[in-house]
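Below: one structure, written as structure tokens.
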Amino acid sequence: MTTTRRSAAPRLTHTADELRRYLDEARRSGASVGLVPTMGALHEGHLSLVDACRRDCGLSVVTVFVNPAQFGPGEDFTEYPRSLETDLKLLAGRGADVVFAPEAAAMYGAEHATYVEVGGPALPFEGEFRPHHFRGVATVVLKLFHLVRPDRAYFGRKDFQQSLVVRRMVADLDLPIEIVICPIVRDPDGLAMSSRNAYLSDGERRRALAISRSLRRARQLVAEGTRDARAILAEMRELLRAAELKIDYLAICNPDTLEPAERVEGPAVALVAARVAATRLIDNELLDPTAGADVAKPRITRG
Ligand code: AMP
């Protein structure tokens, strides 16, 4: 185990054996274990999950692994930002206990041939645009669940569909893990934090703001009494088109089933995936017609 001063830096391990040994030891002392799976290049969105994990659990484990299985051919696996040194400093600042950063070859041996296929919520939207994405996500999350055996695991609502896919898998496979979904953390200008925001030039970033603007507009329309999903989507589409974003999908759905909603009479979620030049961004917003007009106010850092 590579260990520096425990109070300042998390324990860093690269191997499953070492991780298991350490966690078995910690579990014997009765600590509950929380897991925060990430692909690194950490920002406040990730760190908010670490904060929540530390609040709830005796021991917080953060994984940093750019999972090749969830990237399709031609996607950004190679360019995906990697910054373990900086990540470790950020995690030390937030008091994470353990960081597991395995090599890809250790997670997927040469003979690896087993994948987890979730149906239902994994099929539409991201499932259509990134056909093997959720298979890769579900496979790595299940592997991490087995390695860490957490009591709770923390995910961000930023990846709304992913949170449903993980919940579905946990229910279907009877995993004794509580899934905690944390709010979206946004930059002060409204852009949802994402490791991929690093790809954006200043101009692209300004255009990307149309995504959060369109979601705020959707909340505002619902708060003002608009119920027709088509009318809301038309305004959103207009804002995205004005910024010359290429829309992969734009939808208002039931937040549990992802069935498209015709009217927003109960809780709903607006989902957007759009491309700004070569960068693909996703974002979402919960819509609640019972929440009253104050929901339409822009919320700056947390969504
Ligand atoms: P990633 O490193 O992109 O795989 O993300 C790891 C976890 O952080 C996932 O559960 C994401 O949903 C979550 N996450 C990423 N960005 C944000 C954000 N802006 N706010 C809250 N959670 C986030």
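The values are calculated or read from the model by the stated rules, or taken from the named source; none is laboratory data. Bear in mind that the values here come from a model prediction, so they are computed numbers and not experimental data. Note that each Cβ is placed from the backbone with ideal geometry, even for glycine, and that neighbours are counted across all protein chains shown. Heavy atoms of the whole protein, side chains included, go into the accessibility calculation; ligands, DNA and RNA do not. Shrake-Rupley method; radii C 1.70, N 1.55, O 1.52, S 1.80 Å.
Remarks
- Probe 1.4 Å, protein heavy atoms only - accessible area per residue of the chain in square angstrom: 47
- Only helices enter the 222 nm calculation for the chain: every DSSP H run of n ≥ 4 contributes -39,500 (n - 2.57), and dividing by all residues gives -11000 deg cm²/dmol, rounded to 500.
- Computed over the chain, relative contact order equals 17 percent, with contacts defined as Cα pairs under 8 Å that lie 6+ residues apart.
- Gained length - E18 relative to D172, 0.36 nm times residue gap less alpha-carbon distance: 52.5 nm
- In terms of overall dimensions, the C-alpha atoms belonging to segment 35-86 reach 40, 21, 16 Å along their principal axes, ordered largest to smallest.
- Centre-to-centre, using Cα atoms only, segment 153-183 and segment 32-59 are separated by 14 Å.
- Counting only protein heavy atoms and a probe of 1.4 Å, the accessible surface of segment 167-303 is 49% carbon and sulfur.
- Where GluC sites (Glu not before Pro) fall in DSSP loop in segment 92-182, at most 10 other Cβ within 10 Å: E103, E111
- When only alpha carbons of segment 153-303 are considered, Rg and Dmax amount to 15.4, 47 Å.
- If you sort the three axes of the alpha carbon gyration tensor as a ≥ b ≥ c, you get a/c of 1.5 or more for segment 120-163 and a/b no higher than b/c, which makes it oblate.
- DSSP bridge orientation in the chain - percent antiparallel, rounded to nearest 5: 50
- Cα gyration tensor shape of the chain, rounded if a/c is under 1.5, else prolate or oblate by comparing a/b with b/c: prolate
- Separation in nanometres of the label points that stand 7 Å from Cα toward Cβ, at Y249 and L84: 3.5
- Sequence ranges 35-48, 76-89, ranked by mean other-Cβ count within 10 angstrom, highest first: 35-48, 76-89
- According to the Kirkwood relation over distinct C-alpha pairs, the hydrodynamic radius of segment 235-291 is 12.1 Å.
- Rounded Å value of the spacing that divides the Cα centres of segment 64-99 and segment 196-211: 21
- Integer Hz, Karplus 6.51/-1.76/1.60 couplings in order for segment 28-38, x for Gly and Pro: 4, 7, x, 5, 7, 10, x, 10, 10, x, 9
- Cα gyration tensor, segment 63-218 - rounded (a/c under 1.5), prolate or oblate: rounded
- FRET efficiency for the A104 to H146 pair, using the beta carbon distance and R₀ = 22 Å, is estimated at 0.80.
- The portion of the accessible surface of segment 1-153 made up by carbon and sulfur, rounded to a whole percent, is 51 (1.4 Å probe; DNA, RNA and ligands excluded).
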